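Take a look at the structure set out below.
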Amino acid sequence: MTTSPSERPATTVAPRTTGAEGLRIAVRAPVRGTPLEGAWHPRSRDLAVEAADLVDHFPAEAGRPARLLFSRPDWNAEPGVRSLHRVRAARGPVKVGSFPSDDTHLMVVRLSPDRALRLLVVPSDVDEARGRRILERAAAPDNQLSASELLALD
């Protein structure tokens with residue numbers, strides 16, 4: 001018997017330690033009616049570098065990223081330069097796009113055509129301890145707070 005993502009128990013993947021410094025992420029199975037499935041705490045505002053790291057070290061038990069949608073204000077952007085449309089990850093290129101409207105502090109990780117995870121993007125300048133608390137809160141199965149609300153709480 002197979003279960004749909006909404007029927008699976010909500011499980012948190014603890015912040016991971018992979019690569020040189022480790023991917024700081026907490027995700028859980030989707031729970032209907034919640035605004036987020038977790039959070040990611042990148043180490044910089046360089047979208048090309050951080051998105052490639054996210055794709056290459058995304059928790060295997062959560063799925064494999066096929067596309068990323070990001071909030072432009074969360075990342076460094078040079079005036080007059082077009083937004084990034086593809087990330088060169090070690091596992092291969094992944095399409096990326098930005099939200100048509102500002103949805104600050106959100107990254108949507110598409111795992112398949114019918115499955116996506118909404119992750120709060122913790123600003124890279126947030127210290128490690130505060131970032132860890134935000135990751136845990138965002139991935140809690142009973143979390144009803146948006147990305148902006150979670151960042152304002154702590």
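Laboratory data are not the source of any read-out in this text; all were calculated from the coordinates shown. This one's a predicted model, so the numbers in the text were calculated from it and none came from an experiment. With ideal geometry, Cβ positions are generated from the backbone for all residues, glycine too; neighbour counts draw on all protein chains shown.
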**Report entry** Antiparallel bridge percentage (DSSP; both residues within the range 25-148; nearest 5)
**Finding:** 70
Requested in this report: Return an integer: the convex hull volume of the alpha-carbon atoms of the range 66-154, in Å³ per residue.
Outcome: 137
Query - Percent RCO, i.e. relative contact order, over the range 25-148, from Cα pairs under 8 Å lying at least 6 residues apart - result: 38
Report summary line: Most exposed to least, judged by fewest other Cβ atoms within 10 Å, D56, D102, D125, D46 sort to D125, D102, D46, D56
Requested in this report: Using the Cα centre as the reference, give the magnitude of the dipole from point charges on the C-beta atoms of the range 25-148 (Lys, Arg: +1; Asp, Glu: -1; all else neutral), rounded to the nearest 20 debye.
Outcome: 400
**Report entry** Centroid-to-centroid separation of the range 58-80 and the range 108-122 [C-alpha atoms, Å]
**Finding:** 9
Query raised in the report: trypsin sites (Lys or Arg not before Pro) within the range 48-130: which are DSSP loop residues with at most 14 other Cβ atoms inside 10 Å?
Result: R82, R91
